[in-house]
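What follows is a short report on a single structure.
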Amino acid sequence: MVRQGALLYEGKAKKVYATDDPGLYIVEYKDDATAFNGQKRGQIVGKGEVNNRISAVLFKMLERGGVATHFVEQLSPRTSLVKAVDIIPVEVVVRNLAAGSMAARLGLQEGTPLARPVLEFYYKNDELGDPWVTEDHIELLGWADAATLQQMKAMAIRIDQLLTAFFRQCGVTLVDFKLEFGRTRDGSLVLADEISPDTCRLWDAKTGEKLDKDRFRRDLGGVEAAYQEMLARVEKGELA
Ligand code: TMP
Ligand code: ASP
């Protein structure tokens, strides 16, 4: 059993602690919610536990599907043990249907199907509001080299296939989601951060009801209930 050490980093939705093993961190998921680069703030009661438990199920499922992740094991309702990584400062967004910022920017109706997954890249920088960047920016500004970027893209597509199939059996359409990658101490590239209703758009496959953070971003109400509904479906899906 590892021992929890000093707080290394506190983000908007998680805290990261050192452990007595330099290759391992403990992440603690918080109920705090922010949107629009921190301009909107609130709490979603129970969210920390929901996101930790959903991420645990999904990371294990992805590992079984051949995707390397930072996940080691869930430690408690709100905490998990993960491999220590240096995060690559690029957020990879994968879209199966047009929604959110893509729909707004390009004047598309939300839910417009896309013939194949669309990948987008954002520079992870709060002060700049996570600006959209191109593959050239990523490579030439040194955030990731060309080979790493190709690996991230291939992993993102594989993750989309695995997640889409998993959520389908939960009666949920995976509209889009955001990924972060990191390098472990031994230099391997792994999926990091979380996969949860905070970082995915998840619509009920029959009714189209939103079961994700858009309920908070857009003041739709029923936020806690939507997170609990997703947890129940994902944990049932894990057993299927
Ligand atoms: P977007 O449509 O606002 O660009 O969001 C695309 C996806 O990325 C959506 O599933 C929500 C997720 N996302 C995050 O996880 N963090 C963020 O900061 C943003 C802007 C989006
Ligand atoms: N995580 C983001 C923020 O508050 C925004 C979002 O998820 O919409 O900065």
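Every read-out reported here was derived from the displayed coordinates using simple, explicitly stated rules and does not represent laboratory data. Since the model is a prediction, treat every value here as computed from it, not as a measurement. Reconstructed Cβ throughout: ideal geometry from the backbone, glycine too, with neighbour counts over all protein chains shown.
Structure values in brief
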{"quantity": "Residue order, fewest to most beta carbons within 10 Å, for 184, 199", "calculated": "184, 199"}
{"quantity": "Simple Cβ-charge dipole of the chain, Lys/Arg +1 and Asp/Glu -1, about Cα centre, in debye nearest 20", "calculated": "540 debye"}
{"quantity": "Gain upon complete extension [residue 158, residue 186; 0.36 nm per residue less C-alpha separation]", "calculated": "7.8 nm"}
{"quantity": "Net charge over other residues, Cβ less than 14 angstrom from the Cβ of residue 64 (K, R count +1; D, E count -1)", "calculated": "0"}
{"quantity": "Contour minus Cα-Cα distance for residue 132 and residue 145 (0.36 nm per residue)", "calculated": "2.9 nm"}
{"quantity": "Positive minus negative residues near residue 175 (Lys, Arg vs Asp, Glu; Cβ under 13 Å)", "calculated": "-1"}
{"quantity": "Most positive-pole-ward Cα, 99, 128, 89, against dipole of region 79-152 from beta carbon charges", "calculated": "99"}
{"quantity": "J(HN,Hα) series, region 126-139, from Karplus relation 6.51 cos²θ - 1.76 cosθ + 1.60, nearest Hz, glycine and proline x", "calculated": "4, 4, 8, x, 6, x, 5, 9, 9, 5, 4, 4, 4, 6"}
{"quantity": "All lysines inside 24 Å of residue 236 as judged from Cα atoms, apart from same-chain residues fewer than 8 positions distant", "calculated": "30, 47, 60, 178, 206, 210, 213"}
{"quantity": "Phi to ³J(HN,Hα) by Karplus 6.51 cos²θ - 1.76 cosθ + 1.60 over region 60-66, Hz, x for Gly, Pro", "calculated": "5, 4, 5, 4, 4, x, x"}
{"quantity": "Under-5 Å amide H pairs with residue 195, H placed in peptide plane, nonlocal only", "calculated": "55"}
{"quantity": "Order of 203, 132, 143 under a 10 Å beta carbon neighbour criterion, fewest first", "calculated": "132, 143, 203"}
{"quantity": "Under DSSP loop assignment and at most 11 Cβ neighbours within 10 Å, longest trypsin sites (Lys or Arg not before Pro)-free interval of the chain", "calculated": "4-205"}
